[in-house]
1. Which whole-angstrom value gives the distance between the alpha carbon centres of region 15-29 and region 43-82?
2. Mind listing the phi-derived Karplus ³J(HN,Hα) values for region 256-263, rounded to whole Hz, using 6.51, -1.76 and 1.60 with θ = phi - 60°, and x for any glycine or proline?
3. Once phi is turned into θ = phi - 60°, what whole-Hz ³J(HN,Hα) does the Karplus curve with 6.51, -1.76 and 1.60 give for every residue of region 19-30, x standing for Gly and Pro?
4. Multiply the residue separation of Lys294 and Glu182 by 0.36 nm, subtract the distance between their alpha-carbon atoms, and state the gained length in nm to one decimal.
5. Between rounded, prolate and oblate, where does region 269-371 land on the alpha carbon gyration tensor, with a ≥ b ≥ c its root eigenvalues, rounded for a/c under 1.5, else prolate if a/b exceeds b/c?
6. Step through the residues of region 52-66 one at a time and calculate ³J(HN,Hα) from phi using the Karplus curve (6.51 cos²θ - 1.76 cosθ + 1.60, θ = phi - 60°), rounding each to whole Hz and writing x for Gly and Pro.
7. Taking the chain as the reference, fit the longest principal axis to its C-alpha atoms, fit the long axis of helix 220-234 to the helix C-alpha atoms, and give the angle between the two in degrees, 0 to 90, nearest 10.
8. Would you work out the charge dipole size for region 37-246 about its Cα centre, treating the Cβ of every Lys and Arg as +1 and the Cβ of every Asp and Glu as -1, and quote it to the nearest 20 debye?
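What follows is calculated from the coordinates using simple rules that are stated; it is not laboratory data. Not measured: the values here are computed from a predicted model. Neighbour counts are summed over all protein chains in view; Cβ atoms, including those assigned to glycine, are modelled from backbone coordinates with ideal geometry.
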Amino acid sequence: MPKPNLPADMHTPAYVLDVASLKRNLEVAARLKAETGIKLLLATKAWAMPAAFPLMRDTLDGTTASGEYEARMGREEFGKEVHVYAPAYGPGEVERLVSIADHIYFNSPGQIAKHMATAKAAGRHVGVRINPGFSMATLGGALYDPCAPGSRFGTTKAESGSIPWNEIDILHAHALCEAREEGSIGLIRHVAENFADEIRQVKAVNFGGGHFINRTGYDLVALIAALNDFRRAFGVDVILEPGAGLVVNTGWLVATVLDLHRNEKDIAILDTSASTHMPDVLEVPYTPIIIGAKKAGVLAHTYILGGKTCMTGDVIGEYSFAEPLQVGDRLIFTDMMQYSFVKNTTFNGTPLPDLSILHEDGRFEVVRSYGYDEFRRRLG
């Protein structure tokens with residue numbers, strides 16, 4: 001994988017969005033829409049960089065949020081349709097959301113009974129999230145499986161009789177995480193087979209996110225066929241709300257080696273952190289790819305890469321390099337747009353990485369830099 005052409009004097013750590021890669025991914029999204037007639041929403045829980053929203057508006061139909069603040073950002077920064085879902089809404093939240101969101105999804109019969117009248121009175125479309133009892137989430141086990149046993153997400157088939165389906169606009173089924181086409185198609189067919197009566201009473205079906213449509217090898221033709229079959233069978237609108245699937249492989253996290261150390265093995269301390277900047281490395285867990293590096297022992301020089309926080313487990317992984325690392329070396333972690341800076345923390349006062357954009361003409365733009373004030377502000 002070639003290194004991107006980044007400024008030699010750029011500040012690190014920094015997330016860098018690659019516009020050319022994002023546009024390639026959006027071409028796939030545009031094809032999916034054109035050949036199926038579905039709506040596509042950006043799931044801002046996975047990725048949200050308002051400075052880049054103008055690149056996406058012509059392709060996508062809007063945003064989907066996981067709470068009031070994300071919904072507000074979608075309305076103010078992206079525009080177009082705003083959808084919002086939460087497992088439960090706090091006092092006054094739905095009353096505020098009706099002035100922000102076009103479509104409000106509820107999780108349970110109790111939430112419907114409590115809030116639907118407010119949403120309907122404001123002219124908003126109402127959705128219900130079901131738990132279809134089906135998932136092909138491909139990473140993280142139960143931690144990332146929205147349909148795992150005991151999941152708090154969605155109304156099960158056994159409880160769905162308590163929903164007034166004749167008053168519901170959208171049936172919502174989110175069951176995937178980084179799924180290939182067999183997961184997407186499996187969900188579509190499972191919902192069609194098990195919730196046909198409910199589907200025939202609503203106007204639209206939202207198959208949620210987790211559709212990794214831009215992953216290498218994803219069979220988009222098969223997904224298109226499944227979506228068209230579903231639409232022909234039921235005559236309803238269909239919505240997908242990918243997040244990571246829109247921004248996979250569209251950017252990097254750039255870090256610098258601060259120090260070299262040894263404790264039985266060679267260790268490199270970086271100015272980035274797994275626990276604060278790459279939380280999924282520890283949660284999933286997984287080992288991110290570094291341009292020019294390989295697994296431990298493959299190349300001549302192997303290092304444990306650690307973050308600069310005081311957390312003992314703040315270890316990114318063990319990698320090998322062709323040449324010995326030097327203090328000041330720059331390391332580029334790939335595929336670092338989804339579920340990265342949207343999940344960052346300032347634990348230990350660790351500086352937040354810059355947010356940057358590499359434009360197609362080679363121009364490098366720093367969208368936002370963070371300093372002490374951001375850390376201090378969050379502590380009251």
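1. If we compute the Cα centre of each part, the gap is 16 Å.
2. Once rounded to whole Hz, the list reads 10, 6, 8, 7, 10, 9, 9, 8.
3. Going residue by residue, I get 4, 4, 5, 4, 5, 5, 5, 5, 4, 5, 4, 5 Hz, with x marking Gly and Pro.
4. Length gained between Lys294 and Glu182: 37.3 nm.
5. oblate
6. Rounded to whole hertz, the list is 9, 4, x, 5, 9, 4, 5, 9, 8, 8, x, 10, 10, 10, 10.
7. Approximately 20 degrees, to the nearest ten.
8. 160 debye
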